[in-house]
Every structure is written in C-alpha cells, then in structure tokens.
Ligand code: HEC
C-alpha cells in the first residue's frame, strides 16, 4: 500500500515538474546557442508564474513558428532568425 502511494506521488511530481524543467532547458539551450537576448523566464513570459497563456512577443513568435513548421516542440535555434530580423 505504502509503496503504491509513493509510486503515485512520484509520478505526479514528475508530471508537475516536467514543464518547468523543459523551460529551464529552453533558457540553457539559448545560452548554448549564444542567444544572449534570452536571459531567464521573463525573456518569453510576462507573468511571475510562467504558463502557456502569459507569453510575451518572443514567446508568441515561438508558438507561431511551431505551428507554421508543424513542429512538435519549439526549437530555440529559430530565435536566431527572430533576432536577426530585428536588427
Ligand atoms: C525562449 C523562450 C522561453 C523561455 C526563456 C521560457 N519559456 Fe516557458 N514557454 C515558452 C513557450 C514558447 C511555451 C509554450 C510551449 C509550447 O506549448 O510548445 C512555454 C510554456 C511554458 C509553460 C507551460 C508548459 C505547458 O506545457 O503547459 C510553463 C509552466 C513555462 N513555460 C515556464 C517557464 C519557466 C519557469 C521559465 C524559466 C525557467 C520559462 N518558462 C522560460 C517559452 C519560453
């Protein structure tokens, strides 16, 4: 019984932790790609508690690209094009 509870709790926690860790990965990916404009969560989100619905101009652009490219996930490398077009 106890084991089951621990397992379920673990699975639930993993599910909750997923999006945030994926986003932390986004920040790191940008750093690795040399996209210096992305500094933290606020670079793509407006809210103190980031979610899918508080995306700023950059975040919305990424979502539009995801749609246009029919990609499963946002690719941080796209941002190079975004910032290149801003120069
Ligand atoms: C480079 C831009 C960018 C950065 C930086 C970024 N996010 Fe996001 N975030 C997005 C985009 C775009 C989505 C929507 C992703 C999708 O639906 O494919 C998103 C979605 C999310 C979601 C909703 C996930 C879901 O699947 O419902 C959360 C929560 C989130 N971000 C938190 C964060 C946190 C916390 C940070 C900082 C560690 C962060 N984000 C940094 C662009 C970013």
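The values are calculated or read from the model by the stated rules, or taken from the named source; none is laboratory data. Every value quoted in this text rests on a predicted model; they were computed, and no experiment measured them. Note that each Cβ is placed from the backbone with ideal geometry, even for glycine, and that neighbours are counted across all protein chains shown.
Numbers below:
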item: Long-range neighbours under 7 Å by Cβ, at least six apart or interchain, first residue closer than 13 Å to residue 84 by Cα within segment 33-44, second part of a loop (DSSP other than H, G, I, E, B) and within 8 Å of the ligand (Cβ to nearest atom); result: 35/76
item: Test result for residue 40, in contact with a strand residue (DSSP E or B) (Cβ under 8 Å, 6 or more places away or on another chain) and within 20 Å of residue 21 (Cα to Cα); result: no
item: Any hit, segment 11-24, residues being modelled with pLDDT of 95 or more and assigned to a helix (DSSP H, G or I); result: no
item: Segment 38-53, subset in a loop (DSSP other than H, G, I, E, B) and surrounded by 15 or more Cβ atoms within 10 Å (Cβ to Cβ), residue modelled with the lowest pLDDT; result: 50
item: Within segment 67-84, tally of residues that are near the ligand (Cβ under 10 Å from one of its atoms), over 12 Å from the mean Cα position of the chain (by Cα) and surrounded by 10 or more Cβ atoms within 10 Å (Cβ to Cβ); result: 4
item: Cβ pairs under 8 Å, 6+ apart, first in segment 48-72 and within 13 Å of residue 82 (Cβ to Cβ), second exposed (fewer than 11 other Cβ atoms within 10 Å of the Cβ); result: 66/73
